[in-house]
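The values are calculated or read from the model by the stated rules, or taken from the named source; none is laboratory data. Since the structure is predicted, the reported quantities are computational estimates derived from the model, not experimental observations. Every residue, glycine as well, gets a Cβ built from its backbone with ideal geometry; the counts of neighbours run over all protein chains shown.
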Amino acid sequence: MHAYPYHTQKACLLFFFSRHSMGDVLLFYVICNEIFWVKLHEMCNLEKEEKTMSYSAEVIDYKGKEAVALTAGKYKAIVAPFLGSNVIRMQDVENGIEIFRYDESLSVEELKKSPEVYGLPTLYLPNRLANGVLKVSDATYHFPLNDPLGNHIHGFLHKREHTLVSATVDGKKAIAKTEYIYDKNDEFFETYPVSFKAEFTFVLSDEGLEYAFTMTNTSDKQMPYGMCNHTTINGPFTKDGDGLDMRLYIPVGEKWELSKSCIPTGDMLVQTNHDRQYLTGSQVPVLHDIDNDVFFAEEGSLDGKPFYGAVATDAATGKRICYEVCKDFKFWVVWNDHGDKGYFCPEPCTWIIDAPNQPIPAEESGYRELAPGESHTVTEKIYTA
């Protein structure tokens, strides 16, 4: 607005007063006074909001290890390169939501003993390989049997110390980037001599956490590509919440039958009432045992819009954790560690359990390979509503 000189403003006011009654002048005064206080209130609220809504990416010392603390509006997150680029904590501080399983009391050494049951761990060659066998188009590899059921489970990427590439802020986005170079320097390379580069990008904003994971085959061999996140959602996820109020919605398709050693038999199961509860959003994901419910992923809807992912809801408050994934994730595995530990895992997977060894078409199992020099990226998003 153009600012007129003081003497001009004064002349205009005198002209107005001379042409109007005292009642009009009083009304004019009341209106101006009201506008003044409304504008002042808006300015104060804006200033307060600007002070409380901060955006930062700070490199911190986490119990002797380098980590990145991200802040964006109501969200906070901690990315731990030392723990396989795990997002070991994510909070919606405004609504009192602790999204991932997190235990402040655990040492780094204790976390490293079981990194797949805290935070947002990324698994390469996920879930089980029957008898530790990995069949690729140009080779067969034999992995150690680290599963009580006689298989290899979850690979090794989530157990390695990764490298922090950068921690930056771009406007209202706090960004952390990490990477891991797998080559002959890794102790596992003698077992699996297929070098690769894994890159992780975490972007925290007012919209939540966006995550991109890229793998590049840096070897001269064919590289099997299968990954998942062993995502640990708190249940309950609020301080005074009750596990009985937890509900889980996942738009799932056909259910896979598993053998006693947790390997797909190739047959599909008829959905039970328990299975249909995922579709209706009435599944209670804790306080009872869920031991590897395995489904084809399907597209559903959320708030009247297409949705591909999972939603955890506190039925008592209506608070929600929304977990969207890209359509490279063709399967869901649901597991809750017997249901008595206050968390559950909706695990999006790009391939079915034991996909490299399954005698079924790749388009059904999700199995794929990356040629030398080839890269592939998957994306996810986690937010509250």
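Return yes when E347 is in contact (Cβ under 8 Å) with a residue 24 or more places away in the chain and surrounded by 22 or more Cβ atoms within 10 Å (Cβ to Cβ) and no when it is not. When the stated conditions are applied, E347 passes them.
Screening W332 against (1) assigned to a strand (DSSP E or B); (2) touching a helix residue (DSSP H, G or I) at 6+ places or on another chain (Cβ under 6 Å) leaves a single unmet condition, (2).
Could you tell me whether H338 is in the same structural domain as L125 (by TED's automatic domain parsing) and either loosely packed, with under 15 Cβ neighbours inside 10 Å or in contact with a Cys (Cβ under 6 Å, 6 or more places away or on another chain) (or both)? Here the answer is yes, as H338 does meet what is asked. Inspection of segment 130-142 identifies no residue that is free of Cβ contacts under 8 Å to residues at least 24 places away in the same chain, assigned to a loop (DSSP other than H, G, I, E, B) and surrounded by fewer than 14 Cβ atoms within 10 Å (Cβ to Cβ). When you check Y192 against the structure, is it over 17 Å from I353 (Cβ atoms), in contact (Cβ under 8 Å) with a residue 24 or more places away in the chain and in a strand (DSSP E or B), yes or no? The answer is no for Y192. Total residues in segment 92-112 satisfying the condition of being over 17 Å from F200 (Cβ atoms) and outside any loop (DSSP other than H, G, I, E, B): the figure is 8.
Which ones in segment 170-197 are among the aliphatic types (A, V, I, L, M) and in contact with a helix residue (DSSP H, G or I) (Cβ under 9 Å, 6 or more places away or on another chain)? Residue satisfying the conditions is A176 alone. Candidates are the residues of segment 55-86 that are not in a strand (DSSP E or B) and not aliphatic (A, V, I, L, M); the one that is surrounded by the most Cβ atoms within 10 Å (Cβ to Cβ) is S85.
Among the conditions (1) within 30 Å of F295 (Cα to Cα); (2) part of a strand (DSSP E or B), the only one that T178 does not satisfy is (1). In segment 189-199, the count of residues that are within 20 Å of the chain's Cα centre (by Cα) and of a type outside the set (G, A, S) is one or more. Before we move on, is Y225 in contact with a Lys or Arg (Cβ under 6 Å, 6 or more places away or on another chain) and within 27 Å of P361 (Cα to Cα)? Yes, satisfied. Go over the candidates T178, T232, T201 one by one and state the one that is under 19 Å from R89 (Cβ atoms), buried (at least 21 other Cβ atoms within 10 Å of the Cβ) and in contact with a Lys or Arg (Cβ under 6 Å, 6 or more places away or on another chain). That would be T232, the only listed residue that is under 19 Å from R89 (Cβ atoms), buried (at least 21 other Cβ atoms within 10 Å of the Cβ) and in contact with a Lys or Arg (Cβ under 6 Å, 6 or more places away or on another chain). If only residues of segment 113-129 that are part of a strand (DSSP E or B) and under 17 Å from the mean Cα position of the chain (by Cα) are counted, the one that is surrounded by the fewest Cβ atoms within 10 Å (Cβ to Cβ) is Y124. Only one entry of H154, H162 meets the criterion of being within 24 Å of N292 (Cα to Cα), in the same structural domain as T350 (by TED's automatic domain parsing) and either of a type in the set (D, E) or buried (at least 16 other Cβ atoms within 10 Å of the Cβ) (or both), and that entry is H154. For segment 262-280, the set of residues classified as in contact with a Lys or Arg (Cβ under 9 Å, 6 or more places away or on another chain), surrounded by 11 or more Cβ atoms within 10 Å (Cβ to Cβ) and not polar (S, T, N, Q) consists of C262, I263, M268, L269, D275, listed by residue number.
Residue check: is C322 buried (at least 17 other Cβ atoms within 10 Å of the Cβ), assigned to a loop (DSSP other than H, G, I, E, B) and among the hydrophobic types (A, V, I, L, M, F, W, C)? Judged against the criteria, C322 is not a match. In the set (1) over 29 Å from K319 (Cα atoms); (2) at pLDDT 95 or above; (3) surrounded by 24 or more Cβ atoms within 10 Å (Cβ to Cβ), the condition left unmet by E110 is number (3).
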